[in-house]
Every structure is written in C-alpha cells, then in structure tokens.
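First the structure, in the form of structure tokens, and then the observations on it.
The values are calculated or read from the model by the stated rules, or taken from the named source; none is laboratory data. None of these values were measured; they are calculated from a predicted model. So basically every Cβ, Gly included, is an ideal-geometry build from the backbone, and we count neighbours across all protein chains shown. Note: areas computed on protein heavy atoms with side chains; ligands, DNA, RNA excluded. Shrake-Rupley method; radii C 1.70, N 1.55, O 1.52, S 1.80 Å.
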Amino acid sequence: GTLTQDSKRLAALSPLPLQAGACFCVVSCNDLTCRTVARKPQKSQETPEGREGRVAFGDVFELAISNDDPDSLIQFQVWTTDYRNRGTLRGRVDVPLYAVGRKGQREMQLLLKDVYRPKGESCAVGYLKAWLSFDQSISALLLPRPTRPPLAAWQTVGTDKSIREQIKELEAFMQQFEVFSSRFMYHCDVSRGLSLEYKRIVQWDAPLLTVFCLLALTVLIGFFHEYTLPVAVLILLGVIFWYHPAARADDLAELSELQDQPQSVRMLSGLNPAQSKGASEADDTEVKERYENERRLVLGRFTSKRLRLWDPPAWSESSGRRAEPPKPYEDGVQYSWRVEVNGFTDAEGWRYARHFGKGAIWRNTFQHQMFVRRRRHVGRPLNEGSRTPKENSSNRGELPGVETPDLKARTPRPSLLSSSGEMPMGRKESQTAAEGNEAKGLEFGIARTPFHDMYQQYLLRLSFLQRQIEYWMDWYERRKNLILGGTLETQNFALLLVLVLLVVAWLLPTRFLCLAFIYAIFWDGLAMGRLMREHRTVFLKSLKEAAMGWLETEEARLRAKSWTLSTSMDDLVDEGVQLLQVRDWIRSDYFAGRPMLPLRLIQRCRTIRELAAHVTVMSDCFAKRRQRARVWYRSTFRNLLEHVPSDITRFQPFVAKGLNPR
C-alpha cells in the first residue's frame with residue numbers, strides 16, 4: 001500500500017535532463033490546478049561536477065476537495081522552460097487520494113514517468129519529493145459523498161467536430177478501453193483462480209479437504225444451525241484480519257527485499273520469491289542472459305532474417321556481441337533457461353522499439369511505428385559438476401524460435417474421439433495448423449504481420465467478454481422464462497415442481513433441505529471431478545510423449561516418465577524443457593494454432609496439475625461435462641432448464657414475429 005520508494009533506487013536514478021532551462025511543477029486535483037514558480041536547478045554535492053542537481057520549489061498549496069472520492073487522482077506534472085518558448089512536459093505521476101494519510105503530513109518520494117511511455121522499459125525519468133496531507137476527520141468516512149453528474153458518453157458521432165478533435169477523442173476512448181479491458185481481464189484471472197480452488201474442493205481433487213468441508217457443513221447446518229450467522233461473521237472477521245496491512249507487514253518487507261535484488265536475479269520470471277532469494281546467493285556472473293532480436297519490414301512480419309548490418313545479431317549478449325542460442329549445457333554446466341516476462345514486456349516476453357542501439361525507447365506493446373523487437377532469456381546454473389552430453393544431441397536443446405521441433409499431430413487419443421469414432425473439429429484443425437506451421441510460406445500478407453496479431457488480441461478480449469456476458473444472460477433468461485412462462489409444457493412442469501417443493505418444505509425442516517442441496521452439489525462435483533481427472537491424465541500422458549522429443553539424454557527421458565501431476569514446472573525446466581516449446585505444443589495440439597494460453601500464464605503455473613487444469617478448461621478438445629443418461633430422475637431440474645427457451649430468438653432478424661408459444 002505505501003507509495004514511499006526505496007532511497008537506494010532513487011539515488012541511483014539520474015535526474016531530469018533539464019539542460020540550461022528552468023522547471024516548474026503543476027499540481028491538479030478535482031479540476032483545481034496550481035503551479036510553482038519556474039526555478040533553475042542548483043548544483044549539489046551529491047551530483048557529479050558540471051551536472052545539474054535538484055530543484056527545491058518550496059511552495060505550499062492548499063486545494064479544496066469538493067469530492068472526496070478515494071479514486072480521485074492528485075496529478076503532478078514537471079515542465080521545463082527557457083522563458084521564451086512553450087514549456088516541455090518532462091514527467092508525470094499521479095497519487096490516488098486514498099493513499100494520502102489523514103493523520104498529519106506524509107512524505108512521499110514519487111517516481112516521475114515519461115508521459116509518452118508510462119509502461120515502457122526505463123519509463124522513470126526522475127523523482128519528485130512531496131509532503132501530502134488530507135485534512136479530513138475520520139468520521140467523514142461515514143458520511144455520503146457529494147453526488148456528481150454522470151460521466152459524459154463518447155460523443156464523436158453526430159457532432160460537428162474537426163477530424164483532429166475526433167481523432168483525439170478516439171485516442172482517449174482507446175485509452176479508457178485499455179484500462180477497462182485490463183481491469184476486466186485482471187478480475188477474470190482472479191475469478192478463474194478462485195474457481196479452480198472451488199472446483200478442487202467440490203470435485204474431490206483433495207479428498208481429505210473435501211470430506212472435512214462436507215462434515216463441517218453437516219455439523220454446522222444439521223445440529224448447530226442457529227450459529228450459522230455468527231460463524232459466517234467470524235470467518236469474515238478472520239479474512240479482514242488476514243488482509244489487514246498491519247498483519248501483512250512482513251510480506252511487504254519481503255517484497256521490498258526482493259525488489260532490491262540485482263536485476264539479473266530479480267527478473268527470473270518463473271521463480272518464486274524464495275527461489276529468487278536462493279539464486280541471489282550465487283555469484284551474479286553465473287547467471288547468463290541472451291537476447292533474441294528480430295526486425296520487420298513495413299508490411300512484413302518480425303523475423304531475424306531482416307536484421308541489418310548495423311543491428312545486433314539474431315542472438316546476442318547484453319553488450320550486443322554475437323552469442324550462441326541458449327542450450328541446456330554450456331561450459332560443462334547445466335542451465336535452466338527462462339524467458340523474462342514481466343510488466344515491461346508483453347505476454348510472450350517481447351519488447352518493441354523503432355530501432356536498436358542507444359536512444360531506443362522500448363515498449364511492452366506493439367504499435368505501427370515499431371520495427372524491431374527483442375526478448376530476454378535468463379539462464380540459471382543448476383549443477384556445476386554436470387558434464388556436457390554427446391555432441392550429436394547438442395542441437396536438440398535450442399529454443400523453438402531457432403529450430404522448431406516436430407509438432408506434427410499424432411494419432412488422436414481415444415478419450416478425444418466421439419462416439420462415432422470421428423475426431424472433434426478442434427483436433428482436425430490442430431492437425432492442419434501444425435502441418436501449416438512447418439511449411440515456409442511468404443513473409444508478407446496480412447495474416448503474418450504483427451498488425452494481425454494485435455487485431456487477434458483485441459478480438460480475443462472482446463470474445464472473452466462476450467462469452468462471459470452471454471453465459472450469465474443465458475443463465476438468467478432460462479430461469480426467468482421458466483417462471484414467467486416460456487412455453488406451455490415447461491410452465492406446467494415448473495408449476496408441478498414448485499408444488500412438490502412446497503409440500504417438502506412444509507413437512508421437512510429447512511436445514512435438511514439445505515443439506516440436501518449441498519450434498520447434491522458435492523455429488524455432481526464427484527462426477528465432474530472424475531471427468532476432469534481423466535482429462536488431466538490424458539494431458540500428462542501427451543506431455544510425456546512430447547517431452548521425449550525435447551529432452552537430450554536418456555537419463556532425462558527416464559526421469560520424464562516418472563512425472564506426475566504434482567511435478568513442479570521448475571523440474572521440467574531443470575530437465576531442459578523450454579516453456580516456449582510447451583506453449584507452442586499446447587497451441588498446436590489443443591487450440592488449432594490460435595494464440596491462446598500465453599507464456600505469462602504458463603510461467604505462473606506451479607505444477608503440471610495447474611497447467612493441465614487451464615488447458616482442459618479452456619480447450620474445446622476436452623468435454624466440459626459428461627453426457628448424462630436420458631432418464632428423468634437424474635438432474636431433473638437441469639434437464640428441464642435445457643428445454644426452456646432463452647430470449648436470443650427475439651433479436652434474430654429472420655425469426656417470425658408474433659407467434660404464440662402456447
């Protein structure tokens with residue numbers, strides 16, 4: 001929660017390139033703006049000779065907060081001017097209102113970000129030191145905030161505005177949509193994680209935990225139902241204490257200690273904090289890094305074949321010198337290679353810029369003026385005493401970006417075959433995509449440019465948003481039509497079921513009905529758990545078969561045969577399996593070559609079980625539910641809901657209107 005930065009990192013940060021001009025600061029909040037007087041920087045003993053030092057403004061501003069919305073932003077802008085021309089915006093930083101303490105002044109050292117690349121690499125251009133205070137009593141937290149008018153909608157269409165103004169509004173709208181989509185995808189990731197934990201209990205993946213939860217609910221609801229509300233409040237109180245800032249002070253201290261580690265160790269994306277701390281104890285010279293460099297033409301795709309003479313080679317060191325592609329064994333030492341994926345890269349680890357060399361501005365997203373990109377591979381030594389394998393297998397440890405392994409689809413597994421013996425459509429498409437990936441086609445074409453990749457990413461976000469909304473709309477509409485009358489037959493069955501429920505509720509206590517409902521959920525989860533475990537077992541078997549072609553030595557292949565769902569993903573990397581290979585294999589076999597399951601998500605998985613859970617849930621090659629027996633006494637209510645119409649036919653253009661469903 002704190003915004004105070006580490007003094008060591010701030011001291012190592014170079015000051016703003018103020019040159020010979022003066023600078024001033026603009027502070028704004030709630031449509032109120034104040035600015036300081038322009039002052040020239042003074043030389044300081046802390047800076048090298050001949051270099052400009054800090055600027056002490058010394059101004060005190062008092063802004064009237066008309067709306068104490070905790071999400072309101074206090075904006076700081078630093079400008080430079082030569083007193084003759086317009087000022088130049090050098091940096092900006094925003095502080096949310098909830099971060100300003102109500103108990104006296106709070107000293108903050110804020111990193112100023114470049115306004116043109118706030119999320120790019122080395123986006124910090126300096127720092128600003130300020131003392132903030134919010135003069136409001138604690139009792140104001142219980143008072144309502146002043147009402148404000150609703151935000152104006154996007155009004156580009158239908159107004160007499162110039163093209164330039166409409167383009168500015170479009171850019172503002174795209175920025176707002178980017179914030180919304182990132183916010184929505186974040187909550188989707190959180191809900192997906194909670195859903196996996198819920199399914200782990202309900203689907204009996206951890207039998208002891210499931211039995212404990214079932215017994216606890218039975219005892220609580222069946223015998224001590226009058227204490228249900230106090231127990232729920234007690235659990236809520238425990239959650240609040242668990243996430244209280246005072247209780248998480250140690251976690252924040254560990255996070256700050258992790259951020260202070262060297263970059264070569266801290267950027268090991270797949271390592272957890274404990275592993276990164278262990279890696280920092282080793283000599284920094286043991287950690288190796290390689291840069292994968294690519295360039296594109298105006299209408300071409302990124303490839304290392306388009307690198308120019310003055311560009312770094314396809315594989316280079318941090319200094320730009322030519323280097324060999326990452327291999328599992330180098331200089332007689334076994335290395336575990338990972339792609340750096342963090343906030344400064346995209347989901348696949350790439351950074352984009354206009355050109356290589358000094359002055360290059362690297363971003364984590366592709367834009368139309370970007371013509372080069374690079375990706376960083378970090379190698380961590382595993383065993384210094386290990387010997388290099390035979391030379392005839394040295395080329396098999398290269399990354400997929402250099403030597404793509406054979407990803408031809410094998411014979412379909414029996415569990416993925418339909419009842420008629422045919423392969424599902426997704427599996428057929430994956431075979432075609434895998435065979436098409438091996439063929440070397442033309443470099444140009446809209447389907448091979450990064451613009452198409454960017455377009456696909458937007459389509460994936462929109463389709464995911466549409467899929468989630470449609471699911472809940474369908475869930476609501478079918479239950480609404482069951483009660484309000486979609487068809488005559490379903491309405492009669494609904495009337496009969498409600499009468500039976502009324503009789504049962506009149507004769508039996510409510511706690512017994514609640515227990516019956518909970519037992520039904522766990523019983524259905526038991527059947528679903530069996531199906532999901534079968535899918536995960538099939539995925540594990542297929543992963544072992546694919547690993548036989550990735551691993552170099554016979555010893556590694558023998559150890560791969562003993563992999564289980566509880567095997568850590570770090571163990572796979574230590575054996576020489578590249579996560580890029582795993583990603584390409586998953587996309588080819590289970591997603592028909594589509595850019596699903598990014599590298600960032602794979603690196604977040606701790607075990608093969610988590611990776612298998614993501615693949616089996618997201619891929620269409622696995623059935624989400626087992627085919628139920630066509631009998632009326634099993635899942636009666638669900639069977640009835642499947643025959644209740646939704647409201648989608650009301651909005652389809654060719655559907656006849658005015659028909660009486662009765």
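The largest accessible area among 322, 626, 587 belongs to the first residue in 322, 626, 587, and the rest follow in falling order (1.4 Å probe, all chains).
Among the listed pairs 168/358; 305/327; 40/129, those with a Cα-Cα distance over 27 Å are 168/358.
To the nearest 10, the accessible area of residue 244 is 90 Å² with a 1.4 Å probe.
With a ≥ b ≥ c taken as the square roots of the eigenvalues of the C-alpha gyration tensor of the stretch 585-662, please select rounded if a/c is under 1.5 and otherwise prolate if a/b is larger than b/c or oblate if it is not? Oblate is the answer for the stretch 585-662, as a/c is 1.5 or above yet b/c matches or exceeds a/b. What the Cβ-Cβ distance of residue 518 and residue 244 gives, at R0 = 25 Å and to the nearest 0.05, is a FRET efficiency of 0.20.
Taking 0.36 nm per residue of separation and subtracting the Cα-Cα distance, what length does fully extending residue 469 through residue 191 add? Intermediate results must be reported in sequence, preceding the final value.
On the way: separation 278, 0.36 × 278 = 100.08 nm, distance 1.44 nm.
Gain in length upon complete extension: 98.6 nm.
Computed extension length for residue 527-residue 562: 9.9 nm, one decimal, from 0.36 nm per residue of separation with the Cα-Cα distance subtracted.
Loop-only check: which chymotrypsin sites (Phe, Trp or Tyr not before Pro) in the stretch 183-236 are DSSP coil with at most 16 other Cβ within 10 angstrom? Before the final figure, lay out the partial values.
Numbers: sites: 184, 186, 198, 204, 212, 223, 224, 227; in loops: 204, 224.
Those that pass, being in a loop and sparsely packed, are 224.
Taking 0.36 nm per residue of separation and subtracting the Cα-Cα distance, full extension of the segment from residue 297 to residue 324 would add 7.2 nm. Calculate the FRET efficiency for residue 39 and residue 208 from the Cβ-Cβ distance with a Förster distance of 60 Å, rounded to the nearest 0.05. Computed FRET efficiency for residue 39 and residue 208: 0.35. Shown for the stretch 539-662: lysine pairs separated by 8 or more places, or found on different chains, whose C-alpha atoms are under 24 Å apart, numbering 4. Each residue, residue 107 and residue 317, gets one label point 7 Å from its Cα in the Cβ direction; the gap between the two is 4.2 nm.
From the alpha carbon centroid of the stretch 583-632 to that of the stretch 168-203 is 19 Å.
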